[in-house]
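A short write-up of the structure that comes next.
Computed from the coordinates by the stated procedures, all read-outs in this text should not be read as laboratory data. It should be emphasised that the depicted structure is a prediction, and the values quoted were computed from it without experimental measurement. For neighbour counting, all protein chains shown are included, and Cβ atoms are generated from backbone atoms with ideal geometry for every residue, glycine included.
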């Protein structure tokens, strides 16, 4: 029954404060299955906080987040096995090689697509023998994205995934997102500042401001309504909504 | 600080702020500063009324501790300031910060000068030369941060602390000319340290060496350091290669099966250092052997606190270093309770190993080196029980404090503070040539009860923690 839900992730009345600062203020949102959603917001708007609440890494003071019908805070191992997550600053053990890191991560998952990882590693120039401590931020980001794809997640959540990538790596990454989204009911949520990336792959866009989602809808509808490109729409909403 | 506009003033204040943060460190520093002033005044007054000798005999230990403690804090702070790009990019940065460090160092050396210089057995030149040399040693240890130098210096420090009469003899009997030469050499070493700091850059291996209580874990952080160093020097030493090899990795294509508790625990432990427990034991054996070799026969009340505090501080700093990645580790297909449960189990297993290794080493050394070993071994079981209870208490506190502390250093400092009453209890229980059974039994009842209560609270905290 839960698997048949239309929405993969939901947030209802979510409030998250850090000390006196309220970052999420009664936020309601639902991410439909099979969509590719770009999450936009100014610096400090709370995009990372929202993603972490949705994933059950932060505990809201009020409201509830759910993924695959389960409460995010108490996600089962089975539900987690269906999620891929790339944090803004990927964490890894600097003494491991990339190959060891992949092997280590793979061993947690009931299923792992070695062929996919090998192919992507070749295409993205990720060298298995490189030590993680020696990777540049961009190489690290590539390796982290690779790891998030190994178990072919139904839901892929990426927090500013392209920030450290060079243009070629960004193009390859977006290509993978497009491929992934094209396969069945997979859902992708990613936060970004690069609106051109978002325009290339997202079918929906959400705009976070003042601790709430002030706009969520189809990308084309937004552009039609605003009569502007996405970057100008973003600026317009940032100023006036 | 923002109100101080002069770069030198700002640098002076930054050292003060470093010493006073976090607040409990500030309280400790403030308390110690007041204590120092009181001790210095009492030393002068006692000497003036003719009751100096017995009081002055204890002064070297106190003054060495003061200069060492604050000298290390100061040099670590200065090293941190200079191992950042701004040190080379901001105009006037180096001059202002070196002048500020010089001022603080002068105050530090002025304490023994004000305390004992000129009193019987403490000639001015000898006193100033000895403590300036000690301060220079602290500065070099703090800025270079080489493992071998750290270990050698720590052993030297413990020896000096334990041999106040030898120190007093050295200060009193050194001819003024030799003392003056030592003073000049120490000043030159300090000037060389300042010059070295101004030339520090990213390609110097020491630039990346960072102290924190991560160092305690740091066979663990040693891996991170080795990885950092490898960036600049692709030819790794055998030690670094050994350090960076994972202690266990599942075979390729292996995935977790049900029931997989043991496998999760092994996976959780992958980030832990290789054989840290046995290396700790080895360090303890070296320390113990050196003390014995120079005629100090360590007594249970002396070395038990060390045995109690070593494994916990090491492993709590390891946990703290890893905590920054919990958010991403928790997204692997393991429930939150199982993740923290198995991580704690892996941690406990590592700590038990460390505890066992240290105590095996301790008992073996008593048997091999002490002339009255048979008598001391009658205390072995009470000592083991007391040590186990003490470790459990510290471990429970570590679990509770680590997520609250802002830095590994702060977390370990909280543990060190807790160790003081614990050391007091061990000292009273094993003081003299025998055992005070009442104190032992009281502690063996109270400590486990407290540990269970604190550990329960810590578990609830972890299960509700934002990561």
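Relative to the longest principal axis of chain A, what angle (0 to 90°, nearest 10) does the C-alpha long axis of helix A:230-240 take?
40
How large is the translational diffusion coefficient of segment A:1-139 in µm² per second when you combine the Kirkwood radius over alpha carbon pairs with Stokes-Einstein at 4 °C and 1.567 mPa s? Can you show the working numbers first?
Values: Rh = 17.3 Å.
Value of D from the Cα-based Kirkwood radius: 75 µm²/s.
Computed over the Cα atoms of segment A:2-240, what is the convex hull's projected area averaged over all directions, in nm²? Mind dumping the intermediate values first?
Values: hull surface 52.2 nm².
Taking a quarter of the hull surface, the average projection is 13.1 nm².
Looking at chain A as a GNM with Cα springs under 10 Å, which of A:224, A:114, A:130 has the largest mean-square fluctuation?
So, out of A:224, A:114, A:130, the one fluctuating most is A:224.
Be a star and scan segment B:185-206 for residues whose amide nitrogen sits under 16 Å from the point 7 Å along the Cα-to-Cβ vector of residue B:150.
Counting backbone N atoms under 16 Å from the label point, the list is B:205-206.
Looking only at segment A:2-240, where both bridge partners belong to it, what percent of the DSSP beta bridges are antiparallel (to the nearest 5)?
On the way: 23 of 41 bridges.
Just about 55 percent of them are antiparallel.
If I take R0 = 35 Å and measure r between the Cβ atoms of residue B:69 and residue B:452 in this structure, what FRET efficiency does the formula 1/(1 + (r/R0)^6) give, to the nearest 0.05? Working shown, then result.
Details: r = 34 Å, r/R0 = 0.98.
Efficiency computed from Cβ-Cβ geometry: 0.55.
What number does segment B:19-92 give for Rg over Rh if you use C-alpha atoms and the Kirkwood radius? Don't skip to the end; give the middle numbers.
Details: Rg = 17.6 Å, Rh = 14.8 Å.
Result for segment B:19-92 is an Rg/Rh of 1.19.
Mean 1/r over all different Cα pairs, inverted: what Kirkwood radius does segment B:7-204 give, in Å? List each step's numbers first, then the result.
Working: mean 1/r = 0.0565 Å⁻¹.
The answer is 17.7 Å.
Using a 10 Å cut-off around each Cβ of peptide A:75-84, what is the average number of partner chain Cβ atoms that fall inside?
On the way: counts 5, 3, 10, 2, 2, 8, 5, 1, 3, 1.
Mean number of neighbouring Cβ atoms from other chains: 4.
How many nm separate the modelled label positions at residue A:111 and residue A:12, each set 7 Å beyond the Cα in the direction of the Cβ?
Simple spin-label model gives 3.0 nm for this pair.
Which one of A:95, A:73, A:112 has the biggest mean-square fluctuation once chain A is modelled by GNM with Cα springs under 10 Å?
Result: A:95 has the largest fluctuation of those listed.
Please report the antiparallel percentage of the DSSP beta bridges confined to segment A:128-241, to the nearest 5. Intermediate results must be reported in sequence, preceding the final value.
Working: 6 of 11 bridges.
Counting only bridges with both partners in segment A:128-241, antiparallel ones make up about 55 percent.
Tell me the mean residue ellipticity at 222 nm calculated for chain A from its helices only (DSSP H runs of n ≥ 4, each -39500 (n - 2.57), averaged over every residue, nearest 500). Before the final figure, lay out the partial values.
Values: 9 runs with 87 residues, N = 241.
Computed mean residue ellipticity for chain A: -10500 deg cm²/dmol.
Identify which of A:184, A:63, A:46 has the largest mean-square fluctuation in a Gaussian network model of chain A, with springs joining Cα atoms closer than 10 Å.
Taking springs between Cα atoms under 10 Å, the residue moving most is A:184.
For residue B:324, put the label point 7 Å out on the Cα→Cβ axis and report which residues of segment A:81-113 keep their amide N under 12 Å from it.
Those under the cut-off are A:89-94.
When only C-alpha pairs under 8 Å and at least 6 residues apart count, what is the relative contact order of segment A:93-214, in percent?
Working: 120 pairs, mean separation 28.4, N = 122.
Computed value for segment A:93-214: 23 percent relative contact order.
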